[in-house]
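Input: a single structure, listed below in structure tokens.
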Amino acid sequence: MEACHYLDDTRLFTPLGLHLLEQKYKTLSQKMKDNALDLCDIVKKFKGMASPKKPNLSPSSEDWKLLLDAALSSYNPLYKKIILSEKLIPQEIYLCTLMMLHFTNNDLLVLLNTSSQRVTNLKISANQKPFGEKTAKTLSQNLSIS
């Protein structure tokens, strides 16, 4: 399963192709960057799994890997800083990834297959480690700063 359609073009992985892609990416607004990531097949799959009509579907470890790969390929420096930080546990990384992709709190409950209290605790922990704030309230705002 592919993460994003643009990854099919192997010419993009040559040094010149990567340079041109990075230059083009730098000219895009953050909204355009987010919209491009929303079009990835794996993001669409997660949005489908978060649907209340499909409560028994949980992401597999391969699904999470594909989602993280797609998010890392977005060149978002803040996301890379958070993900590459060795401080976060996998569930905190998943939480931050979903929040940066603008999934709702209800989506988080379904996709992480956990309670609202656990999501709150993960938010507090994920906010404290990279941002030094021991609160769940500011995590979304901190993740949106680029």
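Throughout, read-outs are computed from the coordinates displayed, never taken from laboratory work. Computed from a predicted model, the values in this text were never measured in an experiment. Ideal geometry is used to build each Cβ from the backbone, glycine not excepted, and the neighbour counts take in all protein chains shown.
Numbers for the structure displayed
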quantity	calculated
Per-pair calculated FRET efficiency, R0 = 22 Å: SER58 and SER116 via Cβ, rounded to 0.05	0.85
Rounded if a/c under 1.5, otherwise prolate or oblate - the range 30-144, Cα gyration tensor axes	oblate
